[in-house]
Structure formats: structure tokens, C-alpha cells
Amino acid sequence: MESPHGAAVAAEDFGLEGPRGRVFRDVTFSAEPGSLVAVEGPSGSGRTCLLLALTGRMRPTGGHARTGGFRLPAQAAAVRRIAALGPVPGVSELDPAFTVAEHLGERALLQGRYGASLRTLLRPRAERRAAARARVDGALEAAGLDLAALPKAGRTSVRDLERLEALRLSVALALMGEPRLLAVDDTDLKLSNAERDRAWELLRSVADAGTTVLAVCSEAPEGALVVRTAPATEESTTDEETADAFAEAGRA
């Protein structure tokens, strides 16, 4: 059953063949709205490509999938409208030269200009500014990012953020669009055990609030719905071949 907020995600024999071979294949699972889904597997096993395919940003070559009730790949554009990307290297990375406030301000501006309804755009400027401020504050709270705790508050450069702080900022930026699905790559990369626990606490809280979460990881947390991608074999892709598929198989 589809939620007005979270998006159900389901796949059956879902797969992607790149120019040099298999990227991922035979992925079958079903997740209810508001689920925390951990895409678990070693580097080079097609985890990121699966994440992008399920969010309508890469075209699969086999099987079937639905995200938020929309069929993939036929309705990929509709899926992209309801699915937001957190950090995904090469796709939605933070700009290290920007400050935290600049990232938030830019996203609020884009959201207000391109993600708003006509009625919202016709509101008085002061009202629109207040709404944008509330959107930023709400996203920061949901992501657990306290600007006052940063070295230079909002003027802190992204390059000076700790890995977990950068993750929180990326999640906050994604949540500003009020997506039904949040996708996060490399969730547990370069994190200590304590930081890893806090990262999963963050994503679980987002899911508990109603937004479905897809998170790539090397080791899934307890209680998550686990989708595993197979390790590379002689018949499957290497990291380089996955990169080729990323470039050539087609981002939708």
C-alpha cells in the first residue's frame, strides 16, 4: 500500500548489463513506505548503480522495478521527482569550496524557484523568505546538524567538515525537497564504529519519520531490510567496468 509520504520500492529480477558485462542482476525485494533499506555488498558489486537505477537516474536492462508506484524505466522522470539523492560520488557531491550556509542558501533558492507551486511563487517575498528559512531549519533538525557546533558555524567550509557532518549536510539538503525516497551512497565509508552507529541512527530517524531510505553500505545494520549485491566474479564487472556502465549504460 502506497503512503502519501514514503515511497514503496519493489524489484523483480532487476538487472543492468554494461558494455563489459554484468553490473548487477537478479535483484528481487519489496520494501514498504518508510523502510530503511540497506544495499549491502563489496565495492565493485554494482551497489551505486542499483541505487541510481531505483531512483530513476540510470536505465536498467533487465527485470522490473517500481518506486512510489511508478514503473522503471518507463516512468523514470516521475521517480526522479519523488526521490532525492544524498551523497553519491560523481553525481551529487558537495562542493568543498562552498560553506555550509552557501550550500543551504543555494538549495533553498533552487527549491523555492523550481520546486514551488504557482500559488507559493505568488506569495509576498517576506512570506516566501520565512517559508524558506523554516524549510532549512526543519531539514537541519531532521539531519541532526547543529550549525552552532561547527567550527565557524554556517561559514564553515565543506572541506573542513568531518565525514559524519558532511553526511548530515547532504541529507539535510536532500530533505529540503521533502522527498518520498532518500538515497545515500557509501553510508559507512571511512567512519569509526561510533560514527557508523550515529549515521545509521540518522537514517533510521528519517525512515521513522516516513521517508523511505535506500542506503549503500559494506555492512548492513540490524533491523534494516537488506538487499545484497553479489561480489565481482569473472563474469561480472570490476570497479572500472562499473564506471564504464555508469557512463555508457545511460543515466535516465
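Values quoted throughout were computed directly from the atomic coordinates according to the rules given, and no laboratory measurement underlies them. Note that this is a predicted model, so its numbers are computed, not measured. When we count neighbours, we look across all protein chains shown, and the Cβ atoms used for this are built from the backbone with ideal geometry, even at glycine.
Before moving on, here are some points about what is shown:
- Separation of alpha-carbon centers, the range 1-61 and the range 152-213, rounded to whole Å: 20 Å
- The range 1-104 - percent relative contact order, Cα under 8 Å, separation 6 or more: 26 percent
- Neighbourhood charge, 12 Å Cβ-Cβ cut-off, centred on GLY86 and excluding it, Lys, Arg +1 and Asp, Glu -1: -2
- Förster radius 25 Å - calculated FRET efficiency between LEU189 and ALA10, Cβ distance, rounded to 0.05: 0.40
- Diffusion coefficient, µm² s⁻¹, Stokes-Einstein with Kirkwood Rh over alpha-carbon pairs of the range 140-227 at 37 °C and 0.692 mPa s: 243 µm²/s
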